[in-house]
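J.: Input: one structure, supplied below.
The values are calculated or read from the model by the stated rules, or taken from the named source; none is laboratory data. Here the structure is a predicted model, which is why all the values come from computation and not from measurement. Using ideal geometry, Cβ is built from the backbone for each residue, glycine included, and neighbour counts are taken over all protein chains shown. What goes into the accessible areas is simple: the full protein's heavy atoms, side chains included, and nothing from ligands, DNA or RNA. Shrake-Rupley method; radii C 1.70, N 1.55, O 1.52, S 1.80 Å.
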Amino acid sequence: RFLTSAQTTRDDGKKSRDFQQVHCGATPTEEMNGAGNLMDFLDEPFPDVGTYEDFHTIDWLREKSRDTDRHRKITSKSKESIWELIKSLLDAWSGWVVMLLIGLLSGTLAGVIDLAVDWMTDLKEGVCLSAFWYSHEQCCWTSNETTFDDRDKCPQWQKWAELMTGHTEGAGVYVLNYFLYILWALLFSFLAVSLVRVFAPYACGSGIPEIKTILSGFIIRGYLGKWTLLIKTVTLVLAVSSGLSLGKEGPLVHVACCCGNLFCSLFSKYSKNEGKRREVLSAAAAAGVSVAFGAPIGGVLFSLEEVSYYFPLKTLWRSFFAALVAAFTLRSINPFGNSRLVLFYVEYHTPWYMAELVPFILLGVFGGLWGTLFIRANIAWCRRRKTTQLGKYPVLEVIAVTGITAVLAYPNPYTRRSTSELISELFNDCGSLESSQLCDYINNPNMSRPVDDIPDRPAGPGVYNALWQLALALIFKIVITIFTFGMKIPSGLFIPSMMAYHHHDWIIFKNWCRPGADCVTPGLYAMVGAAACLGGVTRMTVSLVVIMFELTGGLEYIVPLMAAAVTSKWVADAFGKEGIYESHIQLNGYPYLDVRDEFTHRTLATDVMRPRRNDPPLAVLTQDTTTVEDVETLIKDTDYNGFPVVVSRESERLIGFVQRRDLTLAIKNARQKQDGVVSSSVVYFTEDAPQLPASNPQPLKLRRILNLSPFTVTDHTPMETVVDIFRKLGLRQCLVTRSGRLLGIITKKDVLRHMAQMMNQDPESIMFN
């Protein structure tokens, strides 16, 4: 019953209340005499009826109803001819085609980003003379002069100081390399923040808080547009390459959702229905996590657990397919040259011991405490950025943080390298092929067994040196990430990783460490610590565990991961229920109704509905006495999104509800197409218009845009029930009645304001800011 056309997307990101001009081709109309030939012009579709304005919430029930009507129409037509049958089959397959395209494009973009980040990160330190587009590792792969002991050194790769001065050692060489490292980092970050500010302001941040809000039904035009996709992809490479303490996992979800929105515009099934579009975006989010972590199943669970608001079974299957295609595409590109989807893929085969559950749980406690500290500190800093002069200078802020990061990161080899390389080194177990300082164990020449078969060798000076460097790296990353996350550049969350190393002599280990057998797997502790910290920050549980075991390829470590993830969530929840994404949603004032929030207050619908006591009466339309001028005046004088339609102002008996945008477009289109419609024309919402004298102006019948079944509750309905209805049905508004008589209206923002008030928060913070 609601006719729509493809929505146009605006990349400017500015709130606009101007209605788009409707262009309709002129069609011949019959001469209309009186009400007998009253033309209901909505029999013919025209653009933008049934669509939504920027920064408004969609009506899930209406979108579902429209899709059902569309599907019923296609099914009935498919029996008429072979061509209509083919069209119905194409419509049925369009969902899978969109998933295929999303998987292919997001996997390709992820591969390009990985390759570009690898090259540009190494570019800060030196250049490959044989081919400047090679990274350090690729340059030395192609060299015939590389030895096993000096695998990172080859004549083709030269550091900048060596290239300029011809010397490889000395204080001057170190200082020059240090200076050029900082210069490259500043250049990359300046380019990133400048591109974001000039071309796509929505390309900053991780994007997950906004995607959660969009998937809950909010409209943010341009957030998933073509410019945002292009700029986010380019600036993500620059931001990660600059050495800032951020990751590319969150932004890759945003990139994948931009791909999903792009392909939605190719199919009217999705471009004309905001509810169906959000099913595609949920699947795209799964594809984004699939390529970010190399975890297709974890991606599907992440979409289900963390970002999606409405996730039917059909979306589960399609998410799985999109994640599969994305992972396959990335594996085909093979950006890391290890036939894996991520740089830090590891495989452990050493069993863990029951007594190790204690340190695993302690890691979970640390992760929960770290998550709480990070969220509170980061939100405090972001709030200060929004409310002080600091927010007016985003470029200066990015340059300053990058400069501080580069100056402090270069001296420490564990902070100088990229995040992925650091995690890879910490996750990997020591073996005979490892050249890391963490594997500097003293060899006893009197032992007859192979070197890599001796688990109880004493630690050498390299291990102790690496440990204090890692401790400094941990403190540095904890502090700098608080100031980095939320800046005006693409930024995901860095996963703080920890590690452990062998100490058989400690009394707590003697019970389960057998002579000649591996006792503790340091990489496993790093992995569990990383999971605990990420769980504490995001409050993920199931999807996090699955992502981590997909990374390791071992099912035997599920129990340690589960213990750490659950403990970190319990500890973090003790200090506050919101994760980092929910906290940023609250900070920005997005109208997001979280399904996990509990409402336990004993209030009624009449306490929340508008109009309140001493407020002006509710703005309504009557079914057969309102003129076009009355409607236009009401629209001009108010900013409500819709108006209830009643029998008369005296009876206040409810007939239905009409959307403001539909009403505006309908009147504008009627003035263009329908002769005789003037300001004094009466607007009818009834089935049949009465007979009118010939001298009367031409009436306007708008019953087709009237929702005859708006959701209603009585004034004594508990707010606990109302909140549940808004959550589970995705309502935009509901009307409050008593014995069929209209009393007031409750919108989604009214519900959010009331919930904030009940929690002693500022109710006026619930708005798009």
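J.: Condition test on V193, is it open to solvent by less than 10 Å² (accessible area, probe 1.4 Å), of a type in the set (V, I, T), farther than 21 Å from L281 by Cβ and touching a residue at least 40 places away in the same chain (Cβ under 8 Å)? Break it down into steps so the answer makes sense when it comes.
T.: Working: open to solvent by less than 10 Å² (accessible area, probe 1.4 Å): yes; of a type in the set (V, I, T): yes; farther than 21 Å from L281 by Cβ: yes; touching a residue at least 40 places away in the same chain (Cβ under 8 Å): yes.
Spelling it out, V193 is indeed open to solvent by less than 10 Å² (accessible area, probe 1.4 Å), of a type in the set (V, I, T), farther than 21 Å from L281 by Cβ and touching a residue at least 40 places away in the same chain (Cβ under 8 Å).
J.: Still on this structure: Can you tell which of G364, G371, G391 is open to solvent by less than 20 Å² (accessible area, probe 1.4 Å), closer than 30 Å to F190 by Cα and not in a loop (DSSP other than H, G, I, E, B)?
T.: On the way: G364 fails: closer than 30 Å to F190 by Cα; G391 fails: open to solvent by less than 20 Å² (accessible area, probe 1.4 Å).
Answer to the selection: G371.
J.: Tally the residues that are under 23 Å from L470 (Cα atoms) and either free of Cβ contacts under 8 Å to residues at least 12 places away in the same chain or of a type outside the set (F, W, Y) (or both), restricting the search to segment 379-413. Full working, then the answer.
T.: First, pick out the residues of segment 379-413 that are under 23 Å from L470 (Cα atoms): 401-413.
So of that shortlist, the ones also either free of Cβ contacts under 8 Å to residues at least 12 places away in the same chain or of a type outside the set (F, W, Y) (or both) come out as 401-409, 411-413.
Counting residues in segment 379-413 that are under 23 Å from L470 (Cα atoms) and either free of Cβ contacts under 8 Å to residues at least 12 places away in the same chain or of a type outside the set (F, W, Y) (or both) gives 12.
J.: Quick one: which helices (runs of 4 or more DSSP H) sit completely within segment 577-696 and have at least 1 residues that are among the basic types (K, R)? Outline the logic, then answer.
T.: Numbers: elements: 580-588, 605-608, 628-637, 660-673.
Counting at least 1 such residues, we get 628-637, 660-673.
J.: Okay, next question. What number of residues within segment 587-625 satisfy the criterion of being small (G, A, S) and at positive phi? Give the derivation first.
T.: First, pick out the residues of segment 587-625 that are small (G, A, S): 589, 605, 619.
Applying the additional criterion that residues be at positive phi yields 589.
The number of residues fulfilling the criteria is 1.
J.: Restricting attention to segment 512-525, does a residue exist that is in contact with a Ser or Thr (Cβ under 8 Å, 6 or more places away or on another chain), open to solvent by less than 20 Å² (accessible area, probe 1.4 Å) and at pLDDT 80 or above?
T.: So the first thing to find is which residues in segment 512-525 are in contact with a Ser or Thr (Cβ under 8 Å, 6 or more places away or on another chain), and the list is 518, 521, 524.
Right, trim to open to solvent by less than 20 Å² (accessible area, probe 1.4 Å) and you get 521, 524.
Still in the list and also at pLDDT 80 or above: none.
Checking segment 512-525: not a single residue is in contact with a Ser or Thr (Cβ under 8 Å, 6 or more places away or on another chain), open to solvent by less than 20 Å² (accessible area, probe 1.4 Å) and at pLDDT 80 or above.
J.: Oh, and also: Filtering segment 460-486 down to residues that are touching a strand residue (DSSP E or B) at 6+ places or on another chain (Cβ under 9 Å), open to solvent by less than 20 Å² (accessible area, probe 1.4 Å) and at pLDDT below 85, which residue is farthest from I208 (Cα to Cα)?
T.: G460
J.: Return yes when E63 is farther than 20 Å from A322 by Cβ, open to solvent by less than 20 Å² (accessible area, probe 1.4 Å) and touching a residue at least 40 places away in the same chain (Cβ under 8 Å) and no when it is not. Talk me through it step by step, then tell me what you get.
T.: Values: farther than 20 Å from A322 by Cβ: yes; open to solvent by less than 20 Å² (accessible area, probe 1.4 Å): yes; touching a residue at least 40 places away in the same chain (Cβ under 8 Å): yes.
For E63, the condition - farther than 20 Å from A322 by Cβ, open to solvent by less than 20 Å² (accessible area, probe 1.4 Å) and touching a residue at least 40 places away in the same chain (Cβ under 8 Å) - is met.
J.: Taking segment 196-212 as the region of interest, how many residues are surrounded by fewer than 23 Cβ atoms within 10 Å (Cβ to Cβ) and β-branched (V, I, T)?
T.: Count: 1.
J.: I've got another one for you. So, R596, is that one free of Cβ contacts under 8 Å to residues at least 60 places away in the same chain and not assigned by TED's automatic domain parsing to the domain that holds M758 or not? Break it down stepwise before answering.
T.: Working: free of Cβ contacts under 8 Å to residues at least 60 places away in the same chain: yes; not assigned by TED's automatic domain parsing to the domain that holds M758: yes.
So R596 passes the test.
J.: Quick one: which helices (runs of 4 or more DSSP H) lie wholly within segment 267-308 and hold at least 3 residues that are buried (at least 24 other Cβ atoms within 10 Å of the Cβ)? So that I can check it myself, show each step before the final result.
T.: Working: elements: 268-271, 274-293, 296-302.
Answer list for segment 267-308: 274-293, 296-302.
J.: Looking at L42, is it open to solvent by less than 70 Å² (accessible area, probe 1.4 Å), assigned to a helix (DSSP H, G or I) and at pLDDT below 85?
T.: Numbers: open to solvent by less than 70 Å² (accessible area, probe 1.4 Å): yes; assigned to a helix (DSSP H, G or I): yes; at pLDDT below 85: yes.
Yes, satisfied.
J.: Cβ-Cβ under 6 Å, sequence separation 6+ or interchain: first residue in segment 681-702 and at pLDDT 80 or above, partner in a loop (DSSP other than H, G, I, E, B) and among the hydroxyl-bearing types (S, T, Y). Which pairs?
T.: Pairs that qualify, where the first residue is at pLDDT 80 or above and the partner is in a loop (DSSP other than H, G, I, E, B) and among the hydroxyl-bearing types (S, T, Y), are P697/S680; P697/S681; Q698/S681; P699/S681; L700/S681.
J.: Same structure, new question: Report whether or not R72 is over 30 Å from S332 (Cβ atoms) and in contact (Cβ under 8 Å) with a residue 40 or more places away in the chain. Steps first, answer last, please.
T.: Working: over 30 Å from S332 (Cβ atoms): yes; in contact (Cβ under 8 Å) with a residue 40 or more places away in the chain: no.
So R72 does not fit the description; no.
J.: Another one. Run down S76, S94 and say which single residue is in contact with a helix residue (DSSP H, G or I) (Cβ under 7 Å, 6 or more places away or on another chain) and closer than 21 Å to K272 by Cβ. Before you say what the answer is, go through the steps one by one.
T.: Working: S76 fails: in contact with a helix residue (DSSP H, G or I) (Cβ under 7 Å, 6 or more places away or on another chain).
Checking each option against the conditions leaves just S94.
J.: Given the conditions (1) open to solvent by 40 Å² or more (accessible area, probe 1.4 Å); (2) at pLDDT below 75; (3) in a helix (DSSP H, G or I), report the number of the one that D429 does not fulfil.
T.: (3)
J.: What residue, of T622, T603, is at pLDDT 90 or above, of a type in the set (S, T, Y) and touching a Ser or Thr at 6+ places or on another chain (Cβ under 9 Å)? Outline the logic, then answer.
T.: Values: T603 fails: touching a Ser or Thr at 6+ places or on another chain (Cβ under 9 Å).
None of the other options fit; the residue is T622.
J.: Test of understanding: among L742, L752, which residue is open to solvent by less than 60 Å² (accessible area, probe 1.4 Å), in a strand (DSSP E or B) and in the same structural domain as V658 (by TED's automatic domain parsing)? Spell out the reasoning first.
T.: Working: L752 fails: in a strand (DSSP E or B).
Matching residue, one of L742, L752: L742.
J.: Does at least one position in segment 736-750 carry a residue that is without any contact (Cβ under 8 Å) to a residue 24 or more places away in the chain and acidic (D, E)? Give the steps one after another, and end with the answer.
T.: From segment 736-750, those without any contact (Cβ under 8 Å) to a residue 24 or more places away in the chain are 739; that's our starting set.
If we keep only those that are acidic (D, E) as well, we get none.
Checked segment 736-750: no residue is without any contact (Cβ under 8 Å) to a residue 24 or more places away in the chain and acidic (D, E).
J.: Let me ask something else about it. Can you give me the number of residues within segment 582-602 that are out of contact with any Cys (no Cβ under 8 Å at 6 or more places or on another chain) and open to solvent by 20 Å² or more (accessible area, probe 1.4 Å)?
T.: To start, the set of residues in segment 582-602 that are out of contact with any Cys (no Cβ under 8 Å at 6 or more places or on another chain) comprises 582-583, 585-586, 588-602.
Pick out the ones that are also open to solvent by 20 Å² or more (accessible area, probe 1.4 Å) and you get 586, 588, 590, 592, 595-598, 600-602.
The total comes to 11.
J.: To continue, here is another question. Counting only residues that are more than 32 Å from the chain's Cα centre (by Cα), give me the helices (runs of 4 or more DSSP H) lying completely in segment 110-226 with at least 1 of them.
T.: Numbers: elements: 136-141, 160-165, 171-199, 208-215.
Correct list: 136-141, 160-165, 171-199.
J.: Moving on. R340 is checked against (1) buried (at least 17 other Cβ atoms within 10 Å of the Cβ); (2) part of a helix (DSSP H, G or I) and fails just one. What number does that condition carry?
T.: All conditions pass for R340, except number (2).
J.: Kindly indicate which of F311, F320, F263 is in a loop (DSSP other than H, G, I, E, B), of a type in the set (A, V, I, L, M, F, W, C), touching a residue at least 24 places away in the same chain (Cβ under 8 Å) and surrounded by fewer than 24 Cβ atoms within 10 Å (Cβ to Cβ). Step through it out loud before you land on a result.
T.: Numbers: F320 fails: in a loop (DSSP other than H, G, I, E, B); F263 fails: in a loop (DSSP other than H, G, I, E, B).
Result of the check over F311, F320, F263: F311.
J.: Further, regarding this structure: Need pairs with beta-carbon distance below 7 Å; first residue more than 24 Å from T402 (Cβ to Cβ) and within segment 161-186, second charged (D, E, K, R) and modelled with pLDDT under 90; sequence gap 6+ or separate chains.
T.: T168/E162
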